[in-house]
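J.: The structure that follows is given in the form of structure tokens.
The values are calculated or read from the model by the stated rules, or taken from the named source; none is laboratory data. Everything quoted here is computed from the prediction, not taken from an experiment. Ideal geometry is used to build each Cβ from the backbone, glycine not excepted, and the neighbour counts take in all protein chains shown.
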């Protein structure tokens, strides 16, 4: 076909023969077309410009030493290469994005590397990375290293083709390597077709299977392969890799932003790099460099700062339902999904529970230092049992949100359950209250005061004149019907104080040691068994041996400061002290009961008692959360009630056993329950 130069349409040229007629000389424009054709065909020595490569591919490890967090796998494979103990089948299992397929490629490179081990370019069994085999495997062009997506090639026909091709020797390399990704999706029939070949493969064939669900691979296949279980990459390893990449990519990123990316990776290096890639693309430019900030990353991921969840759990601990609902209303109106909020709260409560179990520096927390401190502060507000219960409630709420239409309603309901759960009474405490009521009932029946000629069994509720925990008061009551303050974490006493010598469970779940005084049970058999007495009912301490309160205070504060309890030393040093023959009392003004019990903990209490014992002072140590005067003992703030004449209360006060109990324990009768009404 002949065409005229300058025509609108030209014939499609399929080869150079049609472009240049015999004996003709190509024009200038034709020469340009020739060069373009050669460039597009890839025959020129100049490669076409590469497009952008994501960080997960750009920084993919090429040596065993570059793989983070899988030392147990890389060490074993390097030793096997050095000793020439190469298996014919491997199974790499574990979390997504942690290096399973990457290590399979590195192992294939090491097996087929053309550089001898010990050479200058390859001193160790690591692949050299510069020979033709290493380059082709890295680029995915190797003829003898076949990567198969088992999710799509999962049938028996594909596996039969693989089995037939495996019989032939490799084209160029030493081994023919088959890498089966997502191997758990291969059908059982296909696995059965591969079984015999996998059991006795040719010497030149090696199978490598990568999977996230090794339990779905038949046991007959697993027993014929070496199984390597990969670990989730640690937070510190991910953070170190992100810092290195930020320097390489010339990205300005603070430690808080990178820590947020590492935490979002959830143990997956690839996930962290993918989120970092997205964050860099959305980050503003400052002086020609992308600048990453924690606020920008949270907005990108739709996450909420953990300071919000810290405030939520503080509101739960304080029983502030209205403040809790207002905070949730702000979050939902800002566009945060209730499902996302529940998921993040589950993670935050889990971290708080781990901080409660192992402390702030435990390996169970894979978060930044600031988040460790925040989780620890929340853990101090609850006991281990309460954190476990709260986590279970939020987990159940999260499950409900997956198939509920009114997600906000169920989220609010689940958070209100956290507050209501604070008022639950432990079964142990309930049983102890029943036991106390039974013993009191028995004592009253054997030696009850007569009124009108008939026995009148009464249950007497007493309280120490200084302080007694609310939970201990139930042991003196007539069972579960005795009045008590709502909430399982009530530490208020008759004088609104926290008792340090008590062995009752405090809000941090610890059981405090009982002060070394015997319980006085003589002459009280008519009142009931000794078990009916509270653990805080102690004998009167000896005389203070001429000590003054200033001397005792300075010695105790110095002992606490020297032992590292600086907070407790500062708190007690600012309190009002009182000293008598029975006890040492401290009133700390402006301090809540919860913070008081957290500051003067079991270790500080033990140290205080040892110091008081060394000084010869009474080792019964009482500290109250209210105001007090150092010149007088800290006493009950409640005024004695007027006892009606002829009442059950008056009869109880006239009982000799009750009078004896008041004398021994410096107690007063607060309420009397007539058990005949039961």
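J.: Please specify each residue of the range 249-259 satisfying the condition of being without any contact (Cβ under 8 Å) to a residue 60 or more places away in the chain and at negative phi.
T.: 251, 252, 253, 254, 257, 258
Quick grid of which residues meet (1) at pLDDT 90 or above; (2) buried (at least 18 other Cβ atoms within 10 Å of the Cβ); (3) assigned to a loop (DSSP other than H, G, I, E, B):
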| residue | (1), (2), (3) |
| --- | --- |
| 375 | yes, yes, no |
| 404 | no, no, yes |
| 424 | no, no, yes |
| 428 | no, no, no |
| 443 | no, yes, no |
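J.: If you don't mind, another one. Please specify each residue of the range 159-197 satisfying the condition of being under 43 Å from the mean Cα position of the chain (by Cα) and within 22 Å of residue 102 (Cα to Cα).
T.: 177, 178, 179, 180, 181, 182, 183, 184, 185, 186
J.: Test residue 335 against the criterion of being without any contact (Cβ under 8 Å) to a residue 40 or more places away in the chain and over 23 Å from the mean Cα position of the chain (by Cα), and give yes or no.
T.: yes
For every residue, the table says whether it meets (1) in a helix (DSSP H, G or I); (2) surrounded by 15 or more Cβ atoms within 10 Å (Cβ to Cβ); (3) in contact with a helix residue (DSSP H, G or I) (Cβ under 8 Å, 6 or more places away or on another chain).
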position	(1), (2), (3)
300	yes, yes, yes
303	no, yes, yes
309	yes, yes, yes
315	yes, yes, yes
326	yes, no, no
331	yes, yes, yes
341	yes, yes, yes
345	yes, yes, yes
351	yes, yes, yes
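J.: Still on this model: Among the listed residues 190, 203, which satisfies the condition of being free of Cβ contacts under 8 Å to residues at least 40 places away in the same chain, farther than 20 Å from residue 95 by Cα, out of contact with any strand residue (DSSP E or B) (no Cβ under 7 Å at 6 or more places or on another chain) and buried (at least 20 other Cβ atoms within 10 Å of the Cβ)?
T.: Details: 203 fails: buried (at least 20 other Cβ atoms within 10 Å of the Cβ).
Just one listed residue meets the conditions, 190.
J.: Another question, if that's okay. Only one of (1) at pLDDT 90 or above; (2) within 20 Å of residue 70 (Cβ to Cβ); (3) crowded, with 18+ Cβ neighbours inside 10 Å fails for residue 227. Which number is that?
T.: Checking residue 227 against (1) at pLDDT 90 or above; (2) within 20 Å of residue 70 (Cβ to Cβ); (3) crowded, with 18+ Cβ neighbours inside 10 Å, the one that fails is (3).
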